[in-house]
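Read the figures in this text as sums done on the coordinates, not as results from a lab. As the structure is a prediction and not an experimental result, all values here were calculated from the model. Every residue, glycine among them, receives a Cβ derived from its backbone with ideal geometry; neighbour counts consider all protein chains shown.
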Amino acid sequence: MKSLVWLALSLFLVPSIFAQPQGYLYDEAKVPHYTLPDLLTTQKGTTVKTVKDWETRRRSEVLALFEEHMYGRSPGRPAKLSFHVVEEAERVLGGLADRRQVEVRFAGKADGPRMTVLIYRPAKARKAVPAFLTLNFRGNHTIHADPAIRLPHSWVRGRTQGETVNNRATEKGRGVAAHRWAVEAILKRGYALATLYYGDIDPDFDDDWQNGVHALYPKPKPNEWGSVATWAWGLSRAMDYLETDQTIDARRVAVMGHSRLGKTSLWAGASDPRFAMVISNNSGCGGAALSRRTFGETVKRINTSFPHWFNDNFQKYNGNENACPVDQHMLVALAAPRPVYIASAVEDRWADPYGEFLSGLHANPVYQLYKLPGMPAAKQPAVDQPVMGTIGYHVRTGKHDVTDFDWEQYLKFADKHFKAKK
Ligand code: GTR
């Protein structure tokens, strides 16, 4: 009887445990002992003592290790990349915003691989404004009910009924993800929002590199771009456009993403220093969470479920995390001295909230070289109690998602760091 009461109670109190995939480690006491690779020791064993040492020797080494062993090397900007404003309107969203939709053609061809960037910016802005640049999961038209948003032309993963037909987006998808996008709040605070559909860059299935921008390149070698790196490459191409847009202050662009797209924003920030701020929302394994903890999602599991996300070399670390020359605190450190915000959710144990916090904390030695505070808390902050140094962190109530609470913190963090940059 006692055990039945206990079972009923625990089902009621901790439903999150049951919402996570079973058979994985969720017990902090069972996290194996591990040693993280030292950020300030080079491969040759010399100690990094100054910003100069970091910038001239160690940073490029760490970046190259991530390319080689995990995300993969990406090509640069294509010579024929071109930008085309395909739609523009003033005073939309009840007068709050000006809207612009821009097609970015990867090979300069209208019928070739391309992506569409949707930009809302505050209607009253006289000068160039700072922006959040964010990939979306289901098409630009899903972020808001605005009927003028173009539907994606590319393959879309089907979700609710009628939202896609034969993996093509339909009108029914308009606004279905709006709860994750604090569009009006962002605009009212003086920021632009630029978003694009990640499947325009590279559709999220194991298609042997036939689609999206991969159609223009040879099949990746074991150390070349997986899908996460490809999506990050797309963010850099969006940045190429933003640099030409007079209404946007390209020196104040925060790259933000959720979940697999949070992994992507971290890699975009690491590989492209033009992003002035990096925001990881519930990015988990392969994002902010330390792989060596093996808490929740593991390297083996992610490489099995999503073999196309990382490069083929990363498969070597399936069940063998300690052999990997990098861990995710080094990814955070690659953004230094730029601000990074890491957000977790209590019920998102699959993404290892504590491991996400720790990668921020263990990035501190690099921020300290710059005499910056980095992660300002030595212990994981209490639930719903954000901390904001040059690294920000919170673990909020609730599930794997993007909420208004999350956006509120990103806006505060951006105000804090971008005001000084005006
Ligand atoms: C899960 C995956 C996570 C996370 C998530 C998402 O299935 O295991 O790593 O990326 O998908 O992107 O929604």
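Some notes on this structure:
- Charges were assigned to the Cβ only: +1 to each Lys and Arg, -1 to each Asp and Glu. The resulting dipole of segment 4-419 about its Cα centre is roughly 860 debye.
- For segment 253-262, 3J(HN,Hα) computed residue by residue from phi via the Karplus equation (6.51, -1.76, 1.60; θ = phi - 60°) reads 10, 9, 9, 10, x, 10, 6, 4, 7, x Hz, glycine and proline entered as x.
- Long-range amide H partners of G398 with built H, under 5 Å: V346, E347
- Estimated inter-spin distance, A107 and Y34, nm [label 7 Å along Cα→Cβ]: 4.1 nm
- Least to most buried among F310, F413, F83 (fewest other Cβ within 10 Å first): F83, F413, F310
- Computed label-point distance, nm, for sites H84 and K124 using a 7 Å Cα→Cβ extension: 3.6 nm
- Residue-wise HN-Hα coupling along segment 310-325, computed from phi with Karplus coefficients 6.51, -1.76, 1.60 (Hz; x: Gly, Pro): 10, 7, 5, 4, 5, 4, 4, 9, 4, x, 9, 4, 5, 7, 6, x
- Taking Cβ atoms as reference points and 14 Å as the exclusive limit, the residues near L25 contribute a net charge of +1, counting Lys and Arg as +1 and Asp and Glu as -1.
- 3J(HN,Hα) couplings calculated from phi for segment 113-126 with the Karplus curve 6.51 cos²θ - 1.76 cosθ + 1.60 (θ = phi - 60°) are, in sequence order, x, 7, 9, 10, 9, 9, 10, 10, 9, x, 4, 8, 4, 8 Hz; Gly and Pro show x.
- Contour excess over end-to-end distance, with Cα ends at Q368 and D208 and 0.36 nm allotted per residue: 53.3 nm
- Pairs beyond 18 Å (Cα-Cα), from K127/K419; K44/K371; K124/K412; K124/K188; K109/K219; K52/K371: K44/K371; K124/K412; K109/K219
- Solvent-free Debye calculation, one equal scatterer per alpha-carbon of the chain: log10 I(q)/I(0) at 0.06, 0.11 Å⁻¹ equals -0.23, -0.81.
- E171 paired with E243, simple spin-label distance in nm, labels 7 Å along Cα-to-beta-carbon: 4.1 nm
- Here r is the Cβ-Cβ distance between D53 and K379 and R0 is 30 Å; the resulting FRET efficiency, rounded to 0.05, is 0.50.
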